[in-house]
Structures are given as C-alpha cells and as structure tokens.
Amino acid sequence: MDSIIKDKNITVCVTGGIAAYKAVYLCSFLKKKGAIVRVIMSKSATEFVTPLTFKSITNNPVITTMFDNSDFIPHIGISELSDIIIVAPATANCIAKAASGIADDMISTVLLSATCPKIIVPAMNTQMYVNPVTQRNINTIKNFGFLVMEPDTGLMACGTTGVGRFPEIESIYGFIIQNCAARNHYFSGKKVLITAGGTIEDIDPVRYISNRSSGKTAFAFAETFISLGASVTIIAGNVSDIIMDSYIKKYGNENIISVRSAHDMKKSVEEKINSTDILCMCAAVADYTTECNTLKIKKNENTLNLSLIKTLDILGSLHKKTNQVFIGFAAESNNLELYASEKLNKKSLDFVIANQITGEKTAFGGDKSELIVLSNTGKRESFFYKSKNENAYLVLEYIARSLS
Ligand code: CTP
C-alpha cells in the first residue's frame with residue numbers, strides 16, 4: 001500500500017530558529033514518502049540554512065521573498081496549489097503574525113490566503129513558548145482552525161531543559177496523517193469500541209502475569225477512527241502511560257474505561273457492546289489467569305506451581321448483531337496467515353488484522369508495524385512496515401471501502 005501523502009503538494013514554511021536545519025530532514029522524509037515538496041523560507045531562516053539545501057532536497061525552487069523574480073510564484077498560486085501547509089519550525093514571531101493577520105512576507109501572506117489544512121510546529125526557547133502571549137497566540141490560531149503540534153520537552157539549543165524542542169520527524173508525520181490526510185469521514189456517526197493493551201492477572205498482592213502489549217496500536221486506531229468521524233470508547237488494560245497521557249491531552253479521558261484483568265475487560269465490553277457499531281479488539285487479552293492469593297506468597301519451597309485457568313474468549317463469546325462489524329487482531333510468531341484466518345472464522349469476525357510478533361518487524365512495543373488484513377469475504381491486503389499511525393489510517397481506509 002502506498003503512502004498517504006504520495007503525490008500531495010506539501011508546502012513547508014521554514015522560519016528562523018535553530019531547528020531550521022531539522023526542516024531539511026522533514027522535507028527529505030516527505031519527499032521519500034512521495035509528496036511534492038515546496039519550501040518557503042523567511043529571511044531569518046536563510047541565516048540558519050541556505051535555500052540551496054532545500055532546493056537540492058526537494059528538487060523545487062525555494063521561495064525566499066515576495067518579489068523574487070527568478071523563482072516567482074504568486075502567494076495566491078502557492079496557497080491554491082498546496083494540499084497541506086506546514087510551518088516547521090514556527091517561531092513565536094510567525095505565530096504572533098498569524099494570530100493577528102499580519103501579512104508582511106511570503107509565509108504570513110500564504111498563511112492568510114490558504115484554505116488547506118495548516119499545520120504549525122512551534123519550536124523555540126522554553127520561556128518564549130510558555131510566555132502567556134505566545135500561549136494566547138497559539139490558542140487564537142487554534143480557534144482559527146490552525147493545527148498546532150505540541151513541541152517536545154528536553155535539552156534545548158541554549159543549554160537549558162524544557163518544552164520547545166522540534167518534535168521527531170515521525171511524530172510530525174503522524175500528526176499530518178491524523179489531521180490532514182484523514183479528511184474523509186468514512187465512519188461518521190459510528191460508535192466504535194476499542195480494547196487496548198494487555199490485561200493483568202494478579203497472582204498475589206505483589207505479583208501478576210501480563211504481556212508486552214503497549215497499547216500503541218490500539219491508540220493509533222482510536223485516533224484514526226476519531227479523525228475519520230467516529231465516536232470512540234476505549235477499554236484500556238495495561239497500557240503505556242506516555243501513550244495514554246498524550247491521548248488524554250488531545251481528547252480528554254471521558255471515553256476511556258480502565259480495566260485490569262481479562263475478566264474485567266470482558267464485563268466492560270459486554271456492558272458497551274449493544275451500543276457499539278464497530279468493535280475493534282486490539283487488546284492482548286490474557287489467555288490464562290490464576291486465583292489471586294489475598295496474602296503475599298512466601299518463597300518457602302524450591303519450586304512454585306501456579307495453577308492457571310483459561311480465561312473466557314471475549315470476542316468468541318459475543319453475539320454479533322446484523323449491522324455490527326467485529327475486527328479482531330492476531331499476533332503470531334509463526335503460521336501468521338493460517339492462524340489469523342482460523343481466528344477470523346472461529347470468532348465470526350468481519351476482519352482480522354494479523355501481525356508478526358517476532359523478528360525485526362515486530363509490532364510489539366515499537367512505533368512501526370507490518371500488517372495483513374484478511375476479510376470474511378476472502379480478500380487479503382498487505383500493509384508494509386511503517387508507522388502505526390500511518391498503517392492505522394491505511395487499514396481503516398481499506399476497511400471503510402470494503403464495507404461500502
Ligand atoms: N481475544 C479475546 N479474548 C481472549 C483472547 C483473545 O477477545 N480471551 C481477542 C483478542 O483481542 C484478539 C483476538 O481475540 O482480537 C485474537 O487474540 P490472540 O491472543 O491472537 O488469539 P487467541 O484467540 O487468544 O489464541 P492464541 O493465543 O492461541 O493464538
């Protein structure tokens with residue numbers, strides 16, 4: 001499957017901060033994904049990186065002034081031509097101008113005239129970023145429809161540590177996918193229930209059995225479903241705090257139900273299933289549990305035998321209503337497609353999303369995945385190794401099209 005941004009016209013506006021050099025990597029990344037990349041640089045950006053660098057990377061002329069004779073493209077032309085505009089890095093000055101409608105150079109003029117999605121990637125000194133004026137300006141442009149990314153926190157060029165760093169290129173790409181490419185509201189009005197992460201089966205007050213699932217895939221699917229118009233409820237088992245926090249920052253926690261064990265997850269799914277249109281069972285539900293000792297087990301003996309009891313299969317025990325869609329996952333170390341198709345049939349699924357959990361391209365814990373989707377109509381589609389966000393979008397677009 002191709003990249004989402006293949007053949008899209010992306011205009012990258014580079015303003016004057018030390019992170020300007022990172023915009024070179026961003027342009028190179030977008031170009032490799034098949035986009036047609038054009039660059040506009042502010043005057044101060046050219047103090048950090050030369051236009052020639054961007055011209056060489058993008059194979060397109062770089063715009064540096066409003067009235068550049070040789071590579072002149074009128075601002076209206078570039079606004080109309082662009083499918084997406086990204087300001088990266090965006091300085092406090094450029095954000096302030098966008099917030100007040102100032103149009104005194106090519107970037108600010110393009111931002112004022114463009115109607116396509118406009119992504120702002122702020123990167124600046126921490127004090128400038130947290131300054132109430134900058135924060136007010138960011139809120140103002142958000143209200144005007146700009147899509148503003150959160151900068152990273154860490155060591156800054158000036159030697160201090162704080163918020164304001166230019167985010168990783170993969171994160172910027174994830175943001176583009178979630179906010180821009182997903183303009184088709186395939187799942188508008190649909191209620192989606194997603195289970196995430198591993199379950200925890202307690203052995204005693206101290207120990208438990210769980211698995212390596214981080215919940216990354218589930219949250220990538222949740223965000224993608226939202227950007228495709230669905231309303232999403234997540235039933236989360238043991239998931240990474242970072243992933244959960246970043247989701248809550250964007251969407252709040254009202255639609256997240258936290259559970260611990262396979263038994264709790266089953267109960268929660270059963271409570272929600274009647275009001276669900278699409279069930280997406282991403283969770284790595286424990287197959288076995290054990291009776292929890294109320295007191296801590298002491299290490300008296302050389303060996304300890306735990307008696308494990310099979311959990312009930314959540315997906316397998318649900319009765320699918322006519323218009324409901326059930327999507328299951330199959331994480332396998334071997335015989336991937338065979339086991340996945342057995343699950344598709346045994347659990348009466350509409351789709352099963354299969355991924356290999358061993359080898360270099362494992363989806364477990366990492367940011368990337370390689371997936372195969374099998375459908376109950378006998379169709380099969382592969383999704384190559386790429387970011388979980390991008391694959392979530394491509395898979396859901398494929399599923400949406402298959403359903404229609
Ligand atoms: N699943 C479930 N309830 C369980 C176990 C799994 O609903 N008790 C769901 C998972 O969320 C996933 C699908 O069933 O969508 C397949 O899960 P997986 O762990 O790959 O397979 P199992 O059915 O548990 O079989 P096995 O572990 O033998 O591969």
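The values are calculated or read from the model by the stated rules, or taken from the named source; none is laboratory data. What you see is a predicted model, and the numbers here were worked out from it, not measured in a lab. Quick reminder, even Gly has a Cβ in these numbers, built from the backbone with ideal geometry, and neighbours come from all protein chains shown. Areas reflect the complete protein model, heavy atoms only, side chains present, ligands, DNA and RNA absent. Shrake-Rupley method; radii C 1.70, N 1.55, O 1.52, S 1.80 Å.
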Response to the item:
Note on Leu318: of the conditions (1) modelled with pLDDT under 95; (2) open to solvent by less than 60 Å² (accessible area, probe 1.4 Å); (3) within 11 Å of the ligand (Cβ to nearest atom), unmet is (1)
Worksheet item: Does at least one position in region 112-121 carry a residue that is farther than 28 Å from Lys6 by Cβ and crowded, with 21+ Cβ neighbours inside 10 Å?
Response: no
Discussion item. Just to check your reading of the model, which residue among Ser387, Ser341 is outside the structural domain of Gly174 (by TED's automatic domain parsing) and either within 14 Å of the ligand (Cβ to nearest atom) or touching a Phe, Trp or Tyr at 6+ places or on another chain (Cβ under 6 Å) (or both)?
Written reply: Ser341
Discussion item. Checking Tyr247 against (1) within 16 Å of the ligand (Cβ to nearest atom); (2) buried (at least 21 other Cβ atoms within 10 Å of the Cβ), only one condition comes out false. Which one?
Written reply: (1)
Worksheet entry | strands (runs of 3 or more DSSP E) fully within region 282-385 counting 2 or more residues that are in contact with a strand residue (DSSP E or B) (Cβ under 8 Å, 6 or more places away or on another chain) and in contact (Cβ under 8 Å) with a residue 60 or more places away in the chain | 288-290, 325-332
Worksheet entry | Residue within region 324-344 that is of a type in the set (Lys, Arg) and either in contact with a His (Cβ under 8 Å, 6 or more places away or on another chain) or under 23 Å from Ile5 (Cα atoms) (or both) present | no
Worksheet item: Within region 155-175, is even one residue under 26 Å from Lys320 (Cβ atoms) and modelled with pLDDT under 95?
Response: no
Item to complete: Filter region 262-290 down to residues that are near the ligand (Cβ under 9 Å from one of its atoms) and among the charged types (D, E, K, R) and give me whichever is most open to solvent (accessible area, probe 1.4 Å).
Response: Asp287
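Have a look at Ala400, Ala354 and point out the one that is crowded, with 19+ Cβ neighbours inside 10 Å and within 28 Å of the chain's Cα centre (by Cα). Break it down into steps so the answer makes sense when it comes.
Details: Ala400 fails: crowded, with 19+ Cβ neighbours inside 10 Å.
Among Ala400, Ala354, only Ala354 is crowded, with 19+ Cβ neighbours inside 10 Å and within 28 Å of the chain's Cα centre (by Cα).
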Practice prompt. Collect the residues in region 221-238 that are touching a strand residue (DSSP E or B) at 6+ places or on another chain (Cβ under 8 Å) and of a type in the set (A, V, I, L, M), keeping them in residue-number order.
Written response: Ala222, Ile226, Ala230, Val232, Ile234, Ile235, Ala236
Item to complete: Go through the residues of region 15-26 one by one and say whether even a single one is among the polar types (S, T, N, Q), open to solvent by less than 50 Å² (accessible area, probe 1.4 Å), touching a Lys or Arg at 6+ places or on another chain (Cβ under 8 Å) and not in a helix (DSSP H, G or I).
Response: no
